[in-house]
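Working notes, beginning with the structure itself.
The values are calculated or read from the model by the stated rules, or taken from the named source; none is laboratory data. Quick caveat, the model's predicted, so the values are computed rather than measured. Because the Cβ atoms are built from the backbone with ideal geometry, glycine has one as well, and the counts that use them run over all protein chains shown. Keep in mind that these areas ignore ligands, DNA and RNA; they rest on the heavy atoms of the full protein, side chains included. Shrake-Rupley method; radii C 1.70, N 1.55, O 1.52, S 1.80 Å.
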Amino acid sequence: MSHLKPRILKPDQEEVAPQTEPVKTYRVRGIPYFQVLNNVGQPVVEPPDWAQRKNPLVALYKVMLKTRLFDQKSVALQRRGQLGTYASSLGQEAIGAAIGCSMQTDDVLFPAYREYAAQFSRGVSMTEILLYWGGNEQGMNFQHQDKDFPICVPIASHIPHAAGTAYAMKYRGQRRVAVCVFGDGATSKGDFYEALNAAGSMELPLVFVINNNQWAISFSRKHQSKALTLAHKSVAAGIPGEQVDGNDVIALRQRIGLALENARDGRGPTLIEALTYRLCDHTTADNADRYRDSEEVKNQWVNDPLVRLRKHMQILGLWSDQEEKDLNSRYLAEVEQSTRAYLQTPPQPVSSMFDYLYERLPDALNEQRNAAMDQGHQNG
Amino acid sequence: MSNEMQRWIKVTKMAKTTLVDAINLALAYEMAADPDVVLLGEDIGVNGGVFRATDGLQKTFGSQRVIDTPLSETLIAGMAIGMAAERLKPVAEIQFMGFIYSVIDQIINHATRLRNRTRGRLSCPMVLRAPFGSGIHAPEHHSESTEALFAHIPGLRVVIPSSPGRGYGLLLAAIRDPDPVIFLEPKRIYRLHKQDIEDNGQALPLDTCFLLREGQDVTLVSWGAMIHETIIAAEQLAAMGMQSEVIDVATLKPLDMQTILDSVAKTGRCVIIHEAARTCGIGAEIAAQLAEQGLMSLFAPVERVTGFDTVMPLFQLEKEYMPNVDRIVAAAKRTLEN
């Protein structure tokens, strides 16, 4: 079933320790690091051809901007009491955008809860994400995406699912790939190791992407693991692992795209550690000032992935102020429209608690269903 | 379909089959009939499972369908969920119930919720098999009966066969069921009885109790390996002139309470027998529902004959832990004193 060819990674250019603002592609103890743009949008290595053309760049920028504006609105809705607890993806939009733009329609995405950019690229609507955090299961019944898994809250528990789906794809001889995204904290969990190990031993068409935003709620990356990089965790599983600048959507798109291609062509899984920073609180229920220095956060804004791509496009003369303004207006209007649709969506009927529990409700539950319905009617 | 697979289907009459062989037959039948059925677990392939439940299946159906996994229970359950969402029908094996507890996360947080949280967009037709229970002098952690943990989980089916015939028919039903099923196999009776089984692919109904013996004096309710002691107790009671009705619950969740209520309406007495610890066991649920819906039928308090609320002892004391025929007979007689 598999036709394995050895993976050839790009040769490293020099062996140096990680820097806070790396300007070159290098290796950390055998783990390659990839970056194309510096934080003012200038290439530090020869950019791929596609990254000098307008359409692919704008496609990435669009979904990042849409996600940024959606995020601002969602936090505002939560503050006004119109949304439940919400997990922001501020500063991490490039990862989702690169994933979404790298995947093919019939691949399957297994998101954690900061991958809105990937979900939007794959047909999930803003209204659906709002419904999810707004407490309505319809937010997981994606109308235009029938295969992707919904958001996964229990950390790392979705990673084995991706292995199962990847196995099913391989079993059926399909050229499809499962992509699983999770945070730095997730790499400390057994579920992650079990799935990573199995993906290696079963040669599964599976791409693992770590959104390393440096913080697992209050626990920093430094404390999470003594491992020099989280990508090193691939070594024990015998699969390729690499670090990518998680604020550099071009490097991300390039490396994630290649990992997908390898998986699709039967060359097995890859672990990609995307290095970014959580510019937001963990969720709207969190106050990050309790455990991290606001100076640190302020300093990280220079790496804003949207600014970096926008500057790159401007340097190439592919993006005007007018286009920026127009796109902002367009997405602000879309966000408003989605918000209205969310706020106007009625709650699920009381009966729905029972009606999707099994394909056919067992007789033993009929009485409880009736009782819930009666109570629902009494409560108006 | 390969000739070898067709031969599996053609073999329709298997004389004198044990429970573990019946499990094997059901798996083979359904794998031959449905290419979406895959098996996964530890040592289930080349080795045929530590109890030989999957013996020969990898040879017949290949290592892509009878998958020896790394030693990772969470992975096994999690992979089954990912496979099921892709419309495969995974039958996953956890080698012993003592190793199933890390899997509860996958069951509660994912397998049983997937249909509900996606409003039916995705579903999880998977079976998780595990041998369980005491009585074979197994090492520590190999003898517990913790089925009640699973019966508490919404969206799940918990099924326990008590004979080769029900093992065959209920496992087929479990594999064909569109929702997740925990299928617990009482290992003490894997090779205790032999029955003639028609290997005809005929499933038995889930969500229903089986009436094994009719009687008008007392209702004995049990499941799994304890059915064996319960039937001996019923015979001893019959020799003393007391006729017992014996009910094999078989599907513990959802619970077919009606069959039990109908029986108790006739007998007025009920003894519930299970190997599992007493507190919050399934016996407690059955007794509670009898109190709610069948109190007026009862001539005597409901009796429970169960394992103790203790840690399962190592095997030198396992017989002291397990309910036995004498305890069942004594409990039945107590109900008949009223």
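Does at least one position in region A:245-261 carry a residue that is in contact with a Leu (Cβ under 7 Å, 6 or more places away or on another chain) and over 18 Å from A:PRO47 (Cα atoms)?
No, region A:245-261 contains no residue that is in contact with a Leu (Cβ under 7 Å, 6 or more places away or on another chain) and over 18 Å from A:PRO47 (Cα atoms).
Just the residues that are assigned to a helix (DSSP H, G or I) and among the polar types (S, T, N, Q), please, taken from region B:294-324.
If the condition is that a residue be assigned to a helix (DSSP H, G or I) and among the polar types (S, T, N, Q), then B:SER297, B:GLN316 are the ones that fit.
Taking region B:33-52 only, how many residues are within 21 Å of the chain's Cα centre (by Cα) and open to solvent by less than 30 Å² (accessible area, probe 1.4 Å)?
Selection size over region B:33-52: 9.
Would you please list the contacts, defined by Cβ atoms under 7 Å and residues six or more apart or on different chains, that run from a residue in region A:157-171 that is more than 26 Å from A:GLY185 (Cβ to Cβ) to a residue that is at pLDDT below 95 and surrounded by fewer than 24 Cβ atoms within 10 Å (Cβ to Cβ)?
Here the result reads A:LYS170/A:MET1, each pair linking region A:157-171 to a residue that is at pLDDT below 95 and surrounded by fewer than 24 Cβ atoms within 10 Å (Cβ to Cβ).
Take the residues in region A:150-176 that are open to solvent by 10 Å² or more (accessible area, probe 1.4 Å) and more than 7 Å from chain B (Cβ to nearest Cβ); name whichever of them is farthest from A:GLY139 (Cα to Cα).
So, considering only residues that are open to solvent by 10 Å² or more (accessible area, probe 1.4 Å) and more than 7 Å from chain B (Cβ to nearest Cβ), the one farthest from A:GLY139 (Cα to Cα) is A:GLY173.
For region A:322-366, enumerate the residues that are more than 9 Å from every other protein chain (Cβ to nearest Cβ) and hydroxyl-bearing (Ser, Thr, Tyr).
Within region A:322-366, A:SER329, A:TYR331, A:SER338, A:THR339, A:TYR342, A:THR345, A:SER351 meet the criteria.
Criterion first (part of a strand (DSSP E or B), touching a residue at least 12 places away in the same chain (Cβ under 8 Å) and open to solvent by less than 40 Å² (accessible area, probe 1.4 Å)) does B:VAL329 satisfy it?
Taking the combined requirement at face value, the residue does not satisfy it.
Any residue at all in region B:132-149 that's within 8 Å of chain A (Cβ to nearest Cβ), open to solvent by less than 10 Å² (accessible area, probe 1.4 Å) and assigned to a helix (DSSP H, G or I)?
no
For every residue, the table says whether it meets (1) open to solvent by less than 60 Å² (accessible area, probe 1.4 Å); (2) out of contact with any Cys (no Cβ under 7 Å at 6 or more places or on another chain); (3) in the same structural domain as A:TYR116 (by TED's automatic domain parsing); (4) at pLDDT 95 or above.
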{"site": "A:GLU15", "(1), (2), (3), (4)": "no, yes, no, no"}
{"site": "A:ASN39", "(1), (2), (3), (4)": "yes, yes, yes, no"}
{"site": "A:ASP49", "(1), (2), (3), (4)": "no, yes, yes, no"}
{"site": "A:GLN52", "(1), (2), (3), (4)": "no, yes, yes, no"}
{"site": "A:ASP71", "(1), (2), (3), (4)": "yes, yes, yes, yes"}
{"site": "A:THR85", "(1), (2), (3), (4)": "no, yes, yes, yes"}
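Given the criterion touching a helix residue (DSSP H, G or I) at 6+ places or on another chain (Cβ under 8 Å) and of a type in the set (Gly, Ala, Ser), identify the matching residue among A:ALA251, A:ALA236.
Going through A:ALA251, A:ALA236 in turn, just one is touching a helix residue (DSSP H, G or I) at 6+ places or on another chain (Cβ under 8 Å) and of a type in the set (Gly, Ala, Ser): A:ALA236.
Looking at region B:62-81, can you tell me whether even one residue there is more than 10 Å from chain A (Cβ to nearest Cβ) and touching a helix residue (DSSP H, G or I) at 6+ places or on another chain (Cβ under 6 Å)?
Yes; the residues of region B:62-81 include at least one that is more than 10 Å from chain A (Cβ to nearest Cβ) and touching a helix residue (DSSP H, G or I) at 6+ places or on another chain (Cβ under 6 Å).
Answer with yes or no whether B:PHE99 is within 30 Å of A:VAL153 (Cβ to Cβ), open to solvent by 10 Å² or more (accessible area, probe 1.4 Å), under 19 Å from the mean Cα position of the chain (by Cα) and in contact (Cβ under 8 Å) with a residue 12 or more places away in the chain.
Yes; evaluated as a whole, the condition is true for this residue.
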